[in-house]
Amino acid sequence: MDGLIMAGQLILGLSILIVLHELGHFLAARAFGIKVEKFYLFFDAWGVKLFKFNYKGCEYGIGWLPLGGYVKIAGMIDESMDTEQMAGPPQPHEFRSKPAWQRLIVMLGGVFVNIVLGIFIFWMMTFKYGETFISNDKLVQGIVPGSIGKDIGLVAGDRITAVDGEKVVRFNELLSSKVLMGGVDLTVERNGTTEHIAVPNDVLNDVADFGMDEFVRERVYLNGIADVQKGGAADQAGFLAGDSILALAGTPLTFFDEFQAKLAENKNKEVDALVFRNGQEINLQIKVPEDGVLGVSIPFNLPVETVQYSFLQSLPIGASRAWGSLVDNAKGLGKVATGQVKATKALSGPVGIAEMFGAEVNWVRFWTLVGLLSMALALMNLLPIPGLDGGHTMFLLIEMVQGKPMSDKFMETAQLVGFVIIVALMVFVMGNDILKLIQK
């Protein structure tokens, strides 16, 4: 059932993005009097269609192969490879008969819609929910580094105050792509002194393997127990809700990370625990299970703040979030291209994206991911690969510079090469997803 929920959200999200992307091409073509012969969600490979109907000379439908979608524009060499149509003389209603600047707008129509959609989603999300964040200034106890953070030199209790000289206002800025892409300098306050710690360029490889929690997380106090799981190790040892754990295995405890570390050290061991209950200190004996989980619920009191914005105030904030995600994706692709980050770590296919949606329907998460995917789709379509919008745009720009179009034979060959590249990329990301599942 979990898999079906994830797959359902993935299909819904991608369907929204694909239909609106293709609608951008469709509307731009129609605006210039270019005939559109087909408008399909998913591919009707080998002529197999799940659904279709005709309206005003255009066939609308749903194909069986969920790897994208397309509009078939008359007089254009595209994935349909309709060479028979291209062999005839150009017609006034065909793509090839229009000026290069009009064809360029048609090609960029889908990317334009994806960018507008991404901005709109983040604008509406900001307007409805505002911004909820942990104030870095109020996180006076600092951070706890995971294994990745320790490797670069961070220690528990550090306060990271700036990234590349810019003050950190929200704690989640430390888990932003700007930091996790690497190549930045962290300003750290430690025991009354200021340190500078460099985040390596390839840190994203480790984050992909171990997760963001193994970089840094908030340091929180070891608060009183809110609940005790019935039948768990803590319940069997006599722990009660309301108890405050003062020490474990003879070691005084102040922070939650110290408590976790002490449990990890004493797995499968019986240790002393000192708790504070009803004004008294009480000694208990507890057997720490092999997984280190005692079965207690301890709340985190974090300095969470929420800022609400008006309808118009939300626009620049939403636009900044959308544009920032596009820039971050571009930087990430640059790091993959230069070998600083492994493609197997940075790229995810349908399975990886479905896992991001999760096994429960959370509309805030759903629309956030759709917004991010819309910006990512815009970027991917701008890549100068024949067959993608970016490839068509590249050839149109060359035509505008040299004053004549590329030959039909060249365009057909380029389309085939682009098709092979795109299929190879799809096979790679899907194979990478399957390998990650096996490794899990």
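The values are calculated or read from the model by the stated rules, or taken from the named source; none is laboratory data. None of the values given here were measured: they were computed from a predicted structure. With ideal geometry, Cβ positions are generated from the backbone for all residues, glycine too; neighbour counts draw on all protein chains shown. In case anyone asks, the SASA skips ligands and DNA or RNA and just uses the protein heavy atoms, side chains included. Shrake-Rupley method; radii C 1.70, N 1.55, O 1.52, S 1.80 Å.
Give the range 341-356 a look and list any residue that's of a type in the set (A, V, I, L, M) and farther than 14 Å from LEU4 by Cα, or say none.
Answer for the range 341-356, where residues must be of a type in the set (A, V, I, L, M) and farther than 14 Å from LEU4 by Cα: VAL341, ALA343, ALA346, LEU347.
May I ask you to list the residues in the range 17-66 that are within 27 Å of LEU104 (Cα to Cα) and part of a loop (DSSP other than H, G, I, E, B)?
Within the range 17-66, PHE32, GLY33, ILE34, LYS35, ASP44, LYS56, GLY57 meet the criteria.
Kindly indicate the residue of the range 184-217 that is out of contact with any strand residue (DSSP E or B) (no Cβ under 7 Å at 6 or more places or on another chain) and among the small types (Gly, Ala, Ser) and also least open to solvent (accessible area, probe 1.4 Å) among those meeting that condition.
Checked the range 184-217; the qualifying residue least open to solvent (accessible area, probe 1.4 Å) is GLY211.
So in the range 290-311, with the set limited to residues that are aliphatic (A, V, I, L, M) and within 23 Å of LYS178 (Cα to Cα), which one is most open to solvent (accessible area, probe 1.4 Å)?
Filtering the range 290-311 for residues that are aliphatic (A, V, I, L, M) and within 23 Å of LYS178 (Cα to Cα), the one most open to solvent (accessible area, probe 1.4 Å) comes out as VAL304.
Looking at GLU131, GLU166, GLU173, which one is free of Cβ contacts under 8 Å to residues at least 12 places away in the same chain and of a type in the set (Asp, Glu)?
Exactly one residue qualifies, and that residue is GLU166.
For residues in the range 279-292 being outside any strand (DSSP E or B) and free of Cβ contacts under 8 Å to residues at least 24 places away in the same chain, which is farthest from ALA249 (Cα to Cα)?
For the range 279-292, the residue satisfying everything is GLY279.
Kindly provide the set of residues from the range 396-407 that are open to solvent by 20 Å² or more (accessible area, probe 1.4 Å) and in a helix (DSSP H, G or I), ordered by number.
Correct list: LEU397, ILE398, GLU399, MET400, VAL401, GLN402.
Kindly indicate whether any position in the range 6-25 is more than 28 Å from LEU379 (Cβ to Cβ) and surrounded by fewer than 16 Cβ atoms within 10 Å (Cβ to Cβ).
no
Starting from the range 233-244, keep only residues that are assigned to a loop (DSSP other than H, G, I, E, B), then list their pairs with residues that are among the aromatic types (Phe, Trp, Tyr) and surrounded by fewer than 20 Cβ atoms within 10 Å (Cβ to Cβ) whose Cβ atoms are within a distance under 9 Å, requiring at least 6 positions of separation or different chains.
Between residues of the range 233-244 that are assigned to a loop (DSSP other than H, G, I, E, B) and residues that are among the aromatic types (Phe, Trp, Tyr) and surrounded by fewer than 20 Cβ atoms within 10 Å (Cβ to Cβ), the close pairs are ASP243/PHE276.
Scan the range 90-138 for residues that are of a type in the set (S, T, N, Q), crowded, with 22+ Cβ neighbours inside 10 Å and more than 18 Å from the chain's Cα centre (by Cα) and jot them down.
ASN136
Check the range 150-160 and report whether any residue there is open to solvent by less than 10 Å² (accessible area, probe 1.4 Å), in a strand (DSSP E or B) and among the hydrophobic types (A, V, I, L, M, F, W, C).
yes
Could you tell me how many of the residues in the range 213-243 are β-branched (Val, Ile, Thr) and farther than 30 Å from SER135 by Cβ?
Residues meeting the conditions: 1.
The rows are residues; the columns are (1) of a type in the set (A, V, I, L, M, F, W, C); (2) touching a residue at least 40 places away in the same chain (Cβ under 8 Å).
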site: THR344; (1), (2): no, yes
site: PHE357; (1), (2): yes, yes
site: MET394; (1), (2): yes, no
site: LYS436; (1), (2): no, yes
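For the range 429-440: of the residues being touching a Gly at 6+ places or on another chain (Cβ under 8 Å) and among the hydrophobic types (A, V, I, L, M, F, W, C), which is surrounded by the most Cβ atoms within 10 Å (Cβ to Cβ)?
Here the answer is VAL429.
With the checklist (1) touching a residue at least 40 places away in the same chain (Cβ under 8 Å); (2) open to solvent by less than 30 Å² (accessible area, probe 1.4 Å); (3) over 20 Å from LEU373 (Cα atoms) in hand, flag the one item GLY61 doesn't pass.
With respect to (1) touching a residue at least 40 places away in the same chain (Cβ under 8 Å); (2) open to solvent by less than 30 Å² (accessible area, probe 1.4 Å); (3) over 20 Å from LEU373 (Cα atoms), GLY61 is out only on (1).
Please verify whether GLY295 is more than 30 Å from LYS128 (Cα to Cα), without any contact (Cβ under 8 Å) to a residue 12 or more places away in the chain and of a type outside the set (S, T, N, Q), treating the condition exactly as stated.
No: the conditions fail for GLY295.
Only one of VAL401, VAL370, VAL417 is touching a strand residue (DSSP E or B) at 6+ places or on another chain (Cβ under 7 Å) and modelled with pLDDT of 85 or more. Can you tell me which?
Result of the check over VAL401, VAL370, VAL417: VAL417.
Please go through the range 245-278 and give me each residue that is closer than 19 Å to ALA226 by Cβ, β-branched (Val, Ile, Thr) and part of a strand (DSSP E or B), ordered by number.
ILE245, VAL275
Considering only the range 73-80, I want to know if a residue exists there that is modelled with pLDDT of 90 or more, more than 23 Å from the chain's Cα centre (by Cα) and open to solvent by 20 Å² or more (accessible area, probe 1.4 Å).
Looking for residues that are modelled with pLDDT of 90 or more, more than 23 Å from the chain's Cα centre (by Cα) and open to solvent by 20 Å² or more (accessible area, probe 1.4 Å), one finds none in the range 73-80, hence no.
Pull up the range 329-356, narrow it to residues that are of a type in the set (D, E, K, R) and open to solvent by 50 Å² or more (accessible area, probe 1.4 Å), then point me to the one that is nearest to GLY8 (Cα to Cα).
GLU355
Within the range 312-328, can one find any residue that is open to solvent by less than 60 Å² (accessible area, probe 1.4 Å), of a type in the set (A, V, I, L, M, F, W, C) and touching a strand residue (DSSP E or B) at 6+ places or on another chain (Cβ under 9 Å)?
yes
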